[in-house]
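Here is the structure we will look at, set down as structure tokens.
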Amino acid sequence: MLPRINRLNRQKNFDAIFLNGKFYQSEQVILRIFPSGQNSSRFAVIISAKVNKKAVVRNRLRRQMNEIIRQNLKKIKPGFDIILIAKPKLTELFFKAIEAELVGLFKRVGLLIN
């Protein structure tokens, strides 16, 4: 589980990101990012019922994505609010492939510290 300081949970923060944030996507994940000016980056993972009807599958995917973020937290630049939105193809991947997808997307956007 992500530390509380790294969780994004206020509706006004979500609204600001969706209105003013930058949009990036890969084949399996959509990423929305907005500079927050905080000392740490905050994350939210959204997985709708369109991805998979079963809550068990959606929750497993959410836990996996949160774990990947937690493992790479020290490598991610501070000061951003980030929303990750899963696409239906993500349910077909194993953990290592999901990790490669997220880390690759973070690198492409420039969120990772070298």
Each residue of region 60-73 in turn: what ³J(HN,Hα) in whole Hz from Karplus with 6.51, -1.76, 1.60 and θ = phi - 60°, glycine and Pro shown as x? 4, 5, 4, 4, 5, 5, 5, 5, 5, 4, 4, 5, 9, 4
If N is the number of residues in the chain, what value comes out of its Cα radius of gyration divided by 2.2 N^0.38 Å? 0.99
Cross-link reach list, lysines versus residue 54, counting only Cα pairs under 24 Å and skipping chain neighbours closer than eight places: 87, 89, 96
Please report the antiparallel percentage of DSSP beta bridges with both residues in the chain, rounded to the nearest 5. 65
Given a Förster distance of 30 Å, report the FRET efficiency between residue 75 and residue 18 from their Cβ-Cβ distance, rounded to the nearest 0.05. 0.70
Between helix 11-20 and the chain, what is the angle of the helix's C-alpha long axis to the longest principal axis, kept within 0 to 90° and rounded to the nearest 10? 80
Residue-averaged [θ]222 nm for the chain, counting only DSSP H segments that reach four residues, each worth -39500 (n - 2.57): -12000 deg cm²/dmol
Residues with amide H under 5 Å from that of residue 43, placed H, sequence gap 5 or more: 7, 8, 82
With springs only between Cα atoms under 10 Å, which of 50, 75, 22 fluctuates most in a Gaussian network model of the chain? 50
Roughly how big is the chain's charge dipole about its Cα centre, with Cβ charges of +1 (Lys, Arg) and -1 (Asp, Glu), in debye to the nearest 20? 260
Helix 95-109 against the longest principal axis of the chain: what's the angle in degrees, Cα atoms only, rounded to the nearest 10? 30
Per 0.36 nm of contour for each residue apart, how much would the distance between residue 93 and residue 48 grow if the chain were fully extended, relative to their Cα-Cα spacing? 14.5 nm
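We did not get these values from a lab; they are worked out from the coordinates using the rules stated. As the structure is a prediction and not an experimental result, all values here were calculated from the model. Heads up, the Cβs are rebuilt from the backbone with ideal geometry, glycines too, and the neighbour counts pull from every protein chain shown.
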